[in-house]
Every structure is written in structure tokens, then in C-alpha cells.
Amino acid sequence: MAKHAVPKKKQSTTRSGRRYHTFENLTRIKLGRMAQMTKCEACGAARVAHKACTACETYRGNSVSNKKAAQEAKITKVKA
């Protein structure tokens, strides 16, 4: 039967806390970025910063829905 690795000394509370606080701080930063809401310039609805508006589908004054339709038209489908 294989033996498992066993730590030679107890891990200090500072070392354990540092590992936990690093995770906590990264999570706080991610949540802070997710919560940024701005007003849409075109329709005035609330939207997530740096993302297209879900109400009018515009981003920086440009329509995003037209670009999606144009990209789908370019794709050729092969029938098997």
C-alpha cells in the first residue's frame, strides 16, 4: 500500500491566512468588476459596462445585431 506525504511541521496561521486572503481579495475584485452598470447612450437603459446593450443591441453607437446577421449569412452550411 502506498504511503501518503505527511507534513513535517505545522503550517503557521500567517501562511494559512495569506492563502485565504489572496483568494478573498481576487473574488472581491471579480465581483466589483461584474457590478459596474452604465446607461446606454442610445436608449438610456441600464447595461453592463463594456458590453452591448441587451435592450437595443448597440455598443458605442453601432448596431451589433446587424453584424451578427451579416456573419451568419457568410457562413456556408454543407449538407451531408
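The values are calculated or read from the model by the stated rules, or taken from the named source; none is laboratory data. Values in this document were obtained by computation on a predicted structure and should not be read as measured data. Please note: Cβ atoms are built from the backbone with ideal geometry, for glycine as well, and neighbour counts cover all protein chains shown. SASA here: full protein model, heavy atoms, side chains in, ligands and nucleic acids out. Shrake-Rupley method; radii C 1.70, N 1.55, O 1.52, S 1.80 Å.
Annotations for the structure displayed:
- Helix 65-74 and the long axis of the chain differ in direction by around 90°, with both axes built from C-alpha atoms.
- Taking all protein chains into account, the per residue accessible area for the chain stands at 100 Å² (1.4 Å probe).
- Applied to the range 47-63, the Karplus parametrisation 6.51 cos²θ - 1.76 cosθ + 1.60 on θ = phi - 60° returns per-residue 3J(HN,Hα) values of 9, 6, 4, 6, 10, 5, 6, 7, 6, 10, 6, 10, 9, 6, x, 10, 6 Hz, with x for Gly and Pro.
- In the chain, a dipole from Cβ-located charges (positive for Lys and Arg, negative for Asp and Glu) runs towards its positive end, and of VAL78, CYS56, CYS43 it is VAL78 whose Cα lies farthest in that direction.
- Inter-label distance, nm, simple model (7 Å from Cα along the C-beta direction), ALA2/PHE23: 2.4
- Positive-end extreme of charge dipole, the chain - chosen from ALA69, GLY32, SER16 (charges on Cβ): SER16
- Cα centre as origin, Lys/Arg/Asp/Glu Cβ charges: the chain dipole, Debye: 720
- Atom-type composition of the exposed protein surface of the chain places 58 percent of the accessible area on carbon and sulfur (1.4 angstrom probe).
- Taking Cα atoms only, the orientation of helix 13-34 departs from the longest principal axis of the chain by about 10 degrees.
- Excluding same-chain neighbours fewer than eight residues apart, the lysines reachable from LYS67 by a Cα-Cα span under 28 Å are LYS39, LYS51, LYS77, LYS79.
- Theoretical gain in end-to-end length, HIS50 to ILE75 [0.36 nm per residue, Cα-Cα removed]: 6.3 nm
- Long-range Cα-Cα pairs in the chain (distance over 15 Å), rounded percent: 75
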